[in-house]
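Have a look at the structure below before the remarks.
Bear in mind that the values in this text are calculations on the coordinates, not laboratory data. It should be emphasised that the depicted structure is a prediction, and the values quoted were computed from it without experimental measurement. As a convention, Cβ positions derive from the backbone with ideal geometry for all residues, glycine included, and neighbour counts pool all protein chains shown.
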Amino acid sequence: MHFTRKKRSLNTNKSLSMYALLVPGLIFIFIFNYLPMYGTLIAFKDYNIFAGNNPIDAIFKSEWVGVKYWKQLWSESMFRQAFRNTLTISIMKIVIGFPIPILLALFINEIRSVLYKRTIQTVLYLPHFMSWAVIGSLLLSILGTTGPVNTVLRTLGLNNVAFFMDANVFPWVLVISALWKEAGWNTIVYLAAIAGVSPDLYEAATVDGATRIQRMRYVTLPSIASTIMMLLILRLGNLMAAGFDQVLVMYNPTVYSTGDIIDTYVYRIGLGQLNFSLGTAVGLFNSVINLILVTTSNLFSRKAFGRSIW
Amino acid sequence: MCNWKRFAAVIIAGMLLLTGCGAKSSGGNATGATEGNEDEQMAASAEAETGQSATASAEDPAEEGEKPTLKWLSNYVSYDPNSEYVAGLLEDLTGYKVEYYMLPAENADQRLSMELSSGNSYDLLKLNYSQYSMLAGEGALLPLNDLLEANPGIYETTNPLGWYGVTQENGDILGIPEVATIQTAAALGFRKDIFDEYGWELPETVDEFYQLLKEIKEKTGKIPLTGNQAVQVTIASGFGFDTYDFEINDGKVQSYLRNPGVKEYLKFMNQLYVEGLIDPDWPVNKGENIDQKMSTGEAIMTHMSWSSTPNWTRALQETVPDASFESIMPLSDANGVKHIDPNTGSAYQSVVCIPKKAKENAPYVVDMVEKRLEKDTFWKFNAGTEGVHYTLEDGIPIPIQPKYAEDMTNGNYFQTSVNYIESPITWLSRVRKDDLLYEAWRDMNSKVSKYDYTYDPFYYASFPEYDEYHAALAQKVNDYFLQVIAGTESIDTYDNFLASWEAAGGLEYEAGAQNWYDNNQELAQKALEAVPAYKSLFVEQ
Amino acid sequence: MKKKIPLKEKIFQVINGLIFAALGLTMLLPFINLLAKSFSSESSVLAGRVGLWPIGFQTGTYRYVLTEPQFIRSLFNSILVTICGTIIAMILTCMVAYPLSRGWLKGRKIFILIFVFVMLFNGGMVPTYLLINSLHMLNTYWALILPPAFSVYNMILLKNFFEELPESVEESARLDGAGNMDILFRIVLPMSLPAIATIGLFYAVGFWNNYMGGVMYITDPKFKPLQQYLYELVTETQRLQEDLITGELNLDRDAINTVPDAIRAATIMLSSIPIMLVYPFLQKYFVKGLVVGSVKG
């Protein structure tokens, strides 16, 4: 009894300074994130930025159109196709692009030479700094019909592969090039998490005669499991972003059937127009889907693994 | 405890650093665009200047003592105009100090509309034509009629046809147009050395062209024709249409998509694609890839602009010393007519306009525009100073390198309009800076000048439906055509495509064009008859 | 005493090392190619003859880029923004992540949700621009520093790292009478150095790569960040090449003045090197054993 009471009084004291720490962050997101949220009204209006004395006034003076933009989008078969492609490409990117950095991190961790380890880490993270505009044109010349890859295929007596024109192949080009670009970068978090694992655990495991695979499986992996779960939840919360910059650089009309995503579709139909409303409507649509995914995956993770973001 | 102190030290250091940034930023910003939103400030400054501007607008403001610093907003360029030689030169020549601001390359239109609607103050906007139309349509621009009357030099030195596009129905003139000098920029280019080697003749008809492509493929094993266009103009001409958006039959305006030749053209292109006579990467190619294929010699022909040939030639000459390029004119259609588009660019290079909220400095802006159009000034910032940047040969400025390249390269950014009497000559200094460039330019323009052709009656046209639909519709057409060429879509779906084009605004677009044509017959006629600035240069020879 | 390494281990090390060498090579080659191009003559770059070694060696491209006033100015801007921004962001993020990582804090869930919500929803382009405008931050460094100065994503990552720390150390400190701040500075932060380094790297790279800030809030070339400069250089050249092909000659942009490939390559190299150097520098914080050592010391 005595003990719990003491703990509670300590708790309120403890909490006060904790809340104080939160204040700057809360003020910050209130100003920079919550204040501008009145802007979502634009999605329900036929917004003309010049309609009022200033852009805010214009929001209120613009005409209500309700859910017109969503109706308009859903009635277009091209949009529904883009929606399907967005989900497909994004899920492919998660299924392939999510586990591989974990594997890379585990095996980088096994490299003994510190110098070699650091060099490899640095090299793997380089492509993250290349823009898609640069990578895109590089890939076009490597994978084009006259490029080195197809030349090798031809000398081997195989058929050309139209990497950028075969609708079945193209999503893979997107997924694998994204993997190439980001895998090394995505290992960083895991490497940091692994660095936090106490060496004592490894020593104990080695003394118990654990093999390397067993050590990875029973020591390293469990100690980064919560990081993995959390990153997966965050990644699912970003599902609707299938990679606008990348697709815009790499796609072309012959692969719209599998390569056109919502962002690129909206970009094309909005060409030459200001379309603030349409853009906001699509953004809201994506946000709602992402919200559903984050909350369900967080709930699932809590129920199944006892780990969650909140 | 020690950590607390360290933490405080870090924070203080951070703050100091930031005040450092702040000081720098506010220094740079003292005359920046940020104050614009403050209504009081705006009102105060407006009040302070109205007295001045009331008298100023009546007479020539240049005589009125102190000139304000003008804030200029333009589209993106990669260099900082403020640090260019020409910026300083123009300050000396016109007496106006100008601060140059620029929109980003991405989201430029959105950014522009946000800047202006929230009242940020710029004195002068140099925009592209569609941006100008957007602002004109929203009533965000200041009518310039009175100011133009007060500065007659502007009317005297600019192309009179250009003013149609910036005059509203009520007679308000909302911008000062920069109209291009008509000339040919691009045509089908071929490797002259290879054609000579095999003794190939230049094709005139679609059949001859087809045979030529087969021959090239057989003999050289290279890609006969590369490109990425939905409408390959040289071939399209053989099927009886050109790159103009509209055709006029007995006063009825129709999209070129309704020309029966289009379907035939697409069938032919698809055939070429299937038979491997054009680049298999046609729908995928970007400018960079075409550049690469031409300068490595992988491809023999492509639609090229004269300004890209010098680089290709130099690259090729490293391995093939006698490599060179020449151009082919569009193919003749069934009636023997070549559909030549003498100028593939748009009429309006840019439009200079003034936001409504920048009324007080408007007289100075227009005065500065007039000063920059004066013959001497125009020559000085377009061609440079004689003896320093160029020498005159037969009245044509020939650049002195490297001084010309150092100082004058970006001179045209500073144009507020084009002095249409002087610019055909001053502009030549740009092609004369490189012999290969000049050769390519001459080749194309002299060949074009040998044919009779008509201009696009819609060359100077402007109507709201154009701004609303043109870009998205053009994208739609481009997508479908490339799909048909590559065989992703069958040509049998053409009628469906046309219907979906109509539904996506095509009908409104056509109707808008018809409406414009009905009301501007005279201008359309003038556009048809426009005399190319450079044609005379070649006809004489 | 040196331990003898068993043969099996040796074989594993060699194979593992080789696989990573191969992977690393695919990622290194494009950079070597770019580097070679940047030192090659323009015509050999165009002719596609430059592979992994410069042809027609020259350094004029670098001299050109390093004397280009806009490049130097933008480089300075980005370095300044990255340093100031990362410091502010780290302070702010640690302050939020620490309380939210303590399971006993009342209302923790609600606070986390308040933060997570803004990760998913935003007001959009116009209101954010208006906010920055009314704060008088357009065309200032603040517009590049403040909007990205707090990332919920990074905060959640850091919070997760903080949660992973062994509770025993903290409990014993509390019994010694340590308060929240003592625990934050003397236990949580020193024990989380790999995490701090990671989040710091994420922020630094985020600030460095942030190019929308320039697009949205800057019109004065003096404040243009390097990424915007680079992006515009690369894409604008590509767009110009496109225009040349279609024949859309625009005298205003003067198609004749396209930026040569070799200069573009040099610009890309010069603007990625500073940020690429950050990671190798931070790697010493990723070493195992550091955690225990720092707590003991």
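Counting only residues 5 or more places away or on other chains, whose amide H sits under 5 Å from the amide H of B:Leu141 once H atoms are built in the peptide plane?
B:Lys356
Please tell me the relative contact order of the range C:71-259 in percent, rounded to the nearest whole number, where contacts are Cα pairs under 8 Å and at least six residues apart.
About 36 percent, as a whole number.
Inside 10 Å of the C-beta atoms of A:267-277, what's the mean count of C-beta atoms belonging to other chains?
So the per-residue partner count for this stretch is 5.
If you average the sequence gap of Cα pairs under 8 Å that are 6 or more apart and divide by the length of chain A, what percent do you get for the contact order?
On the way: 276 pairs, mean separation 78.2, N = 310.
The normalised contact order for chain A reaches 25 percent.
Among B:Leu147, A:Ser297, C:Leu35, which residue has its Cα furthest toward the positive end of the charge dipole of the protein assembly as shown, with +1 on Lys/Arg Cβ and -1 on Asp/Glu Cβ?
A:Ser297
How far, in degrees from 0 to 90, does helix B:362-373 lean away from the longest principal axis of the Cα atoms of chain B, to the nearest 10?
50
Going toward the positive end of the dipole of the protein assembly as shown, with +1 on Lys and Arg Cβ and -1 on Asp and Glu Cβ, which of C:Ala149, C:Pro190, B:Ser118 do you reach last?
Farthest towards the positive pole: C:Pro190.
Hey, can you list the DSSP H helices of chain C whose Cα span along the axis is 24 Å or longer and whose average Kyte-Doolittle score is at least 0.5?
Qualifying helices, which must be both long enough and hydrophobic enough, are C:7-38, C:69-101.
Per-residue ellipticity at 222 nm for chain B, helices alone: DSSP H runs ≥ 4 residues times -39500 (n - 2.57), over residue total, nearest 500 deg cm²/dmol?
When only DSSP H runs of four or more count, the value is -14000 deg cm²/dmol.
Which value, in Å to one decimal place, does the Kirkwood hydrodynamic radius take for chain C when every pair of different Cα atoms is included?
23.2 Å is the Kirkwood radius here.
Starting from the Cα of C:Lys159, draw a straight line to each of the aspartates and glutamates and keep only those under 19 Å, dropping any in the same chain fewer than 8 residues away.
Reachable aspartates and glutamates: C:Glu167, C:Glu170, C:Glu171, C:Asp182.
Just for the Cα atoms in the range B:374-425, what are the lengths along the principal axes, largest first, rounded to whole Å?
27, 24, 14
Mind pulling the angle between the C-alpha long axis of helix B:2-29 and the longest principal axis of chain B? Nearest 10 degrees, somewhere in 0 to 90.
Value to nearest ten degrees: 80.
Rounded to whole Å and sorted largest first, list the principal axis extents of the Cα atoms in the protein assembly as shown.
Sorted from largest, the Cα extents of the protein assembly as shown read 106, 82, 60 Å.
Net charge near B:Asn515, counting Lys/Arg +1 and Asp/Glu -1 over other residues with Cβ under 11 Å of its Cβ?
Details: positive: none; negative: B:Glu465, B:Glu508, B:Glu510, B:Asp518.
Counting the neighbours of B:Asn515, the net charge comes to -4.
Please list, in chain and number order, the residues 5+ apart from B:Met304 or on another chain whose amide H is under 5 Å from its amide H, with Hs placed from the backbone.
Residues meeting the criterion, in which the H sits 1.01 Å from N, are B:Ala187, B:Leu188, B:Gly189.
Counting residues in the range B:385-541 as N, plug N into 2.2 N^0.38 Å and put the Cα Rg over that result.
Scaled against compact globular proteins, the figure is 1.45.
Nearest 10 degrees is fine. How inclined is helix B:507-519 to the longest principal axis of chain B, computing both from alpha carbons?
80
Could you sort the peptides A:18-29, A:182-193, B:304-315 by per-residue average Cβ neighbour count (10 Å cutoff), highest mean leading?
Ranking the peptides A:18-29, A:182-193, B:304-315 by packing returns B:304-315, A:182-193, A:18-29.
For peptide A:128-136, how many partner chain Cβ atoms fall within 10 Å of a residue's Cβ, on average? If you can, show how the numbers build up before the last one.
Values: counts 7, 10, 6, 9, 0, 8, 9, 1, 3.
What the average comes to for A:128-136 is 6.
For the range B:56-162, how big is Rg over Rh, using alpha carbon atoms and the Kirkwood form of Rh?
Details: Rg = 15.3 Å, Rh = 15.8 Å.
My calculation puts Rg/Rh at 0.97.
What ranking do B:69-77, B:270-278 get when scored by the average of other Cβ atoms within 10 Å per residue, highest first?
Working: B:69-77: 20.3, B:270-278: 16.9.
In descending order of packing, they fall as B:69-77, B:270-278.
With a cut-off of at most 15 other beta carbons within 10 Å, and DSSP calling the residue loop, which chymotrypsin sites (Phe, Trp or Tyr not before Pro) in the range C:1-100 qualify? Please list them.
Sparse-neighbourhood loop chymotrypsin sites (Phe, Trp or Tyr not before Pro): C:Phe57.
Within straight cross-link reach of B:Lys403, meaning Cα distance under 16 Å, which lysines are found once same-chain residues fewer than 8 apart are removed?
Within reach: B:Lys380, B:Lys433.
For chain A, please report how many Lys pairs fall under 15 Å Cα to Cα, leaving out neighbours fewer than 8 apart on the same chain.
5
Tell me what chain A gives for mean residue ellipticity at 222 nm when only DSSP H runs of n ≥ 4 count, each as -39,500 (n - 2.57), the sum divided by the residue total, rounded to 500 deg cm²/dmol.
-21500 deg cm²/dmol
Go through the range B:141-152 residue by residue and turn each phi into a ³J(HN,Hα) via Karplus (6.51, -1.76, 1.60, θ = phi - 60°); whole Hz please, and just put x for glycine and proline.
Result, rounded to whole Hz: 10, 8, x, 10, 3, 5, 5, 5, 4, 6, 10, x.
Determine the alpha carbon to alpha carbon distance for each of B:Lys126/B:Lys357; B:Lys356/C:Lys224; B:Lys67/B:Lys356 and list only those over 18 Å.
B:Lys356/C:Lys224; B:Lys67/B:Lys356
Less than 14 Å Cβ to Cβ from B:Glu298, Lys/Arg counted +1 and Asp/Glu -1: what total charge do the surrounding residues give?
+1
Under a Cβ-Cβ cut-off of 14 Å, what is the net charge of the residues other than A:Met229 that fall near it, where Lys and Arg count +1 and Asp and Glu count -1?
In short, +3.
Taking R0 as 45 Å, what's the FRET efficiency between B:Asp394 and B:Val320 from their Cβ-Cβ distance, rounded to 0.05?
Between B:Asp394 and B:Val320 the formula returns 0.85.
Which ³J(HN,Hα) values, rounded to whole Hz and listed in residue order, are derived for the range A:31-42 from phi using the Karplus coefficients 6.51, -1.76 and 1.60 in 6.51 cos²θ - 1.76 cosθ + 1.60 with θ = phi - 60°, glycine and proline given as x?
Result, ordered by residue: 5, 8, 10, 7, 3, x, 5, 4, x, 5, 3, 4 Hz.
Under a Cβ-only charge scheme (Lys and Arg +1, Asp and Glu -1), can you give me the dipole magnitude of the protein assembly as shown about the Cα centre, in debye to the nearest 20? Before the final figure, lay out each step's value.
Values: 88 positive and 115 negative charges, 1859 e Å.
Computed about the Cα centre, the dipole is about 8920 debye.
Just to check, using Stokes-Einstein with a Kirkwood Rh over alpha carbon pairs, what's the diffusion coefficient of chain B at 25 °C and 0.890 mPa s in µm²/s?
94
Reachable lysines from B:Lys252, Cα under 25 Å, same-chain residues fewer than 8 places away excluded?
Straight-distance partners of B:Lys252: B:Lys263, B:Lys338, B:Lys476, B:Lys526.
List every DSSP H helix in chain A whose Cα atoms extend 24 Å or more along the helix's own long axis and whose mean Kyte-Doolittle hydropathy is at least -1.0.
On the way: long enough: A:2-29 (41 Å, 0.12); A:77-97 (29 Å, 0.66); A:170-195 (38 Å, 1.19); A:276-305 (42 Å, 1.01).
Answer set is A:2-29, A:77-97, A:170-195, A:276-305.
Mind checking B:124-136 for the average number of partner chain beta-carbons within 10 Å of each residue's beta-carbon? Mind dumping the intermediate values first?
Details: counts 0, 0, 1, 0, 3, 0, 1, 0, 0, 0, 4, 1, 0.
Counting other chains' Cβ atoms within 10 Å and averaging over B:124-136 gives 1.
Which whole-number percentage describes the relative contact order of chain B, with Cα contacts under 8 Å and a sequence gap of 6 or more?
This gives 21 percent for chain B.
Rounded to two decimals, what is the ratio between the C-alpha radius of gyration of chain A and 2.2 N^0.38 Å? Walk me through the numbers before you get to the answer.
Details: Rg = 25.1 Å, N = 310, 2.2 N^0.38 = 19.5 Å.
Rg over 2.2 N^0.38 Å, computed on Cα atoms: 1.29.
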